Amino acid sequence: MIPGRLLAAVFLAGLLLAAGMQNRYDSNLDYFADRGTFVSLPSGKALKVLSFGYSNLAADLLFIWSIQFYSTTYLTNRFDFLERVYDTITDITPQYKEPYIIGSLIMVYEARDIPMALRLLDKGSRLNPDEWFFDHDAGYYCYKFLKDFAKAEFYYNRAAAKPDAPPFIKRLNAHMVYLGDDPTMAYQMWLEIFNNARDTLEKDGAFNHLYQIKAENDLALLKERIGIFRRQFRRWPATLNELLSLRLLAALPTDFAGNEYIYNPEQGTITAERVFKWKQR
Amino acid sequence: MKMKIKAIAVNTFKESARNKMFYLLVFFGIFFALSSKLISFLTLGDAMKVLKDTGLAAINFFCIVIAIFTGINLIYKEIEKKTVFNILSKPVSRDQFIIGKFLGLALTMLTALAAMAVIFFLLVLASGGGFDLKIILYFFMLFLELLVIVAISLFFSSFTTPILSFIFTVSLYLIGHIMWTFNEFKMILRDPFWKYLTQGLYYLLPNLDKFNIKNEVVLNTALNPWTILFSVLYALAYILALLAVTILIFRKRDFQ
């Protein structure tokens, strides 16, 4: 019979040896250096089959893993299969909204790949046709990072057409049209928002935009006509009515609030009462 | 006749409920359902979605395990321990025996499911989820799936050993959740024989994904009442067919 003390000694020695080996093994291994980490990730369709009715759970686990993985900032190659990972998650459960939003955030702010984020958000919008926020986010990324106002306008326009789109989407859309150098269209859009505003905040916002666009157009016209006058008479007009009497203007424009523009006859400058620098391109 | 079936059903329920494995699996089901709260902390965005997903998946999984393990053993054990002779020597027909066994197992599953469901509801309420009627519907659909599984395991248990019953039932369970791939598979087949065989299997094998409404419950999407109704009818038809064939096989079995 083996003595108990010997067994205890063997047990402790074995445990120590195993711990030592484990330590040695780990110290020689860089778990995240392997670029093939993702190679074993099956496609969304395959994973749907392999999950045998637990596709939601599979999507959850993959999503939670992706959050932890993409937060591990020291992994330099972590974005290699970023699109594939989020494509897989959204293939398994196309109605799961968070992966589109979080995935596109990672693509934009971490991987700095806006077209990739737009592809993911496009997929979200296509598979969830009633949700507005995929197009809203896509519009924002186009506006903020690509400075592609026409594309931003396209997304905001699509978002605004969705059933539960909040009113601010229409406002963003109108602003994109304005930034995209179509002030006439932008004016019409803001006018519609102004006329159908449901609260003072919305009405005041629309008013400011209408004021800005109208002032911009009117001031450009007035400056041009004052310039013509100056070239003809080698002086600034004493009042704006002089432009009317010479038929350089059909009528004197007023700002959106109905007030006259402020004319300085000594310098020939013309300004509006309220100009909003924050709306300038 | 009803009294005899009831007596067998009650006995089956008591027998299953006395099994320590039953309690262990119910405990694990509850434990993992509660653990979903921890998993939900790891996500970004809708934590309630993850809580419901993982909790319902845990309950689903352990209920299926209970259904398979209790189902595959029941008849075999009766034959192995020769208790079936005692029962069948009394004025109890083989048909009543099978129906009683099935109902007893159904009662066992209902008890296990109810215990897990109550705990899960409390967890959702404690996490600020509110009362969701769709979850009740989910448990109802899961119960239907369990009844089909029980009927399948009882069917295999009536003519083969527990190990083979286990393999066959688990295989059917897994296949039952990927029946939608049969239609796609059929499209790529060219040989008419394989095409018809695939189609035949599609109609013959149980489509358990019909009872899977996790997506609709968790993502709060619309549920089509007709789909639910057809799923209920499908379950009833499939269970009746399985019980009928089980009775036919059991009638022909020689216990000597």
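Out of everything in the stretch A:44-58 that is aliphatic (A, V, I, L, M) and facing another protein chain (nearest Cβ under 8 Å), what residue ends up being surrounded by the most Cβ atoms within 10 Å (Cβ to Cβ)? Going through the qualifying residues, I end up with A:Leu57.
Could you please find all residues in the stretch B:39-53 being within 21 Å of A:Tyr70 (Cβ to Cβ) and in a helix (DSSP H, G or I)?
Here is the first cut: in the stretch B:39-53, the ones within 21 Å of A:Tyr70 (Cβ to Cβ) are B:39-47, B:49-50, B:53.
Of everything in the stretch B:39-53, those that are within 21 Å of A:Tyr70 (Cβ to Cβ) and in a helix (DSSP H, G or I) turn out to be B:Ile39, B:Ser40, B:Ala47, B:Lys49, B:Val50, B:Asp53.
Within the stretch A:73-108, being within 14 Å of chain B (Cβ to nearest Cβ) and over 11 Å from A:Leu120 (Cβ atoms) holds for A:Asp91, A:Ile92, A:Thr93, A:Pro94, A:Gln95, A:Tyr96, A:Lys97, A:Glu98. For the stretch B:113-136, the criterion of being farther than 17 Å from A:Leu57 by Cβ, of a type outside the set (Gly, Ala, Ser) and under 17 Å from the mean Cα position of the chain (by Cα) is met by at least one residue. Among the residues making up the stretch A:260-270, those that are surrounded by fewer than 12 Cβ atoms within 10 Å (Cβ to Cβ) and assigned to a loop (DSSP other than H, G, I, E, B) are A:Glu266, A:Gln267.
Apart from one condition, B:Asp191 fits all of (1) closer than 23 Å to B:Phe61 by Cβ; (2) out of contact with any Phe, Trp or Tyr (no Cβ under 7 Å at 6 or more places or on another chain); the exception is (1). A single entry from A:Glu242, A:Glu273 fulfils the requirement of being in a loop (DSSP other than H, G, I, E, B) and among the charged types (D, E, K, R): A:Glu273. If you filter the stretch A:205-248 down to residues that are of a type in the set (D, E, K, R) and touching a helix residue (DSSP H, G or I) at 6+ places or on another chain (Cβ under 9 Å), you find that the one that is surrounded by the fewest Cβ atoms within 10 Å (Cβ to Cβ) is A:Arg235. Within the stretch A:79-112, can you find the residues that are of a type in the set (D, E, K, R) and surrounded by fewer than 17 Cβ atoms within 10 Å (Cβ to Cβ)? A:Asp80, A:Arg84, A:Glu110, A:Arg112 - these are the residues of the stretch A:79-112 that are of a type in the set (D, E, K, R) and surrounded by fewer than 17 Cβ atoms within 10 Å (Cβ to Cβ).
Of all the criteria given as (1) under 30 Å from B:Ile135 (Cα atoms); (2) touching a helix residue (DSSP H, G or I) at 6+ places or on another chain (Cβ under 9 Å); (3) surrounded by fewer than 19 Cβ atoms within 10 Å (Cβ to Cβ); (4) modelled with pLDDT of 90 or more, the one not satisfied by B:Leu229 is (2).
Consider the stretch B:207-233 and keep the residues that are away from chain A (no Cβ under 14 Å) and β-branched (Val, Ile, Thr). The one that is farthest from B:Val148 (Cα to Cα) is B:Thr227. Restricting the stretch B:35-56 to residues that are buried (at least 24 other Cβ atoms within 10 Å of the Cβ), facing chain A (nearest Cβ under 9 Å) and of a type in the set (A, V, I, L, M, F, W, C) leaves a set whose member that is farthest from B:Phe143 (Cα to Cα) is B:Val50. Checked against the criterion of being closer than 16 Å to B:Ile59 by Cα, touching a Gly at 6+ places or on another chain (Cβ under 7 Å), within 14 Å of chain A (Cβ to nearest Cβ) and surrounded by 16 or more Cβ atoms within 10 Å (Cβ to Cβ), the stretch B:13-32 has no qualifying residue.
Considering only the stretch B:162-170, I want to know if a residue exists there that is within 14 Å of chain A (Cβ to nearest Cβ) and over 30 Å from B:Ala47 (Cα atoms). Yes, the conditions are met somewhere in the stretch B:162-170.
Residues satisfying the criterion are present in the stretch B:145-155 (criterion: within 22 Å of the chain's Cα centre (by Cα), over 19 Å from B:Leu56 (Cβ atoms), aromatic (Phe, Trp, Tyr) and away from chain A (no Cβ under 14 Å)). Residue count for the stretch B:114-146 satisfying the condition of being aliphatic (A, V, I, L, M) and under 19 Å from B:Lys37 (Cα atoms): 11. Selection of helices (runs of 4 or more DSSP H) fully inside the stretch B:85-200 by the criterion of at least 2 residues being modelled with pLDDT of 90 or more returns B:94-126, B:133-157, B:162-176.
Considering the stretch B:232-256, and only residues there that are of a type in the set (Phe, Trp, Tyr) and modelled with pLDDT under 90, the residue that is nearest to A:Gly53 (Cα to Cα) turns out to be B:Phe250. Among the residues of the stretch A:113-123, are any of a type in the set (Val, Ile, Thr) and crowded, with 17+ Cβ neighbours inside 10 Å? Among the residues of the stretch A:113-123, at least one is of a type in the set (Val, Ile, Thr) and crowded, with 17+ Cβ neighbours inside 10 Å, which makes the answer yes. Selection of first residues in the stretch B:177-206 that are within 14 Å of chain A (Cβ to nearest Cβ) and of second residues that are among the aromatic types (Phe, Trp, Tyr), restricted to Cβ pairs under 6 Å at least 6 apart or on distinct chains, gives the following pairs, ordered by first then second residue: B:His177/A:Phe52; B:Phe182/B:Tyr202; B:Pro206/B:Tyr238.
The values are calculated or read from the model by the stated rules, or taken from the named source; none is laboratory data. This structure is a prediction, so every number in the text was calculated from the model and none was measured. Reconstructed Cβ throughout: ideal geometry from the backbone, glycine too, with neighbour counts over all protein chains shown.
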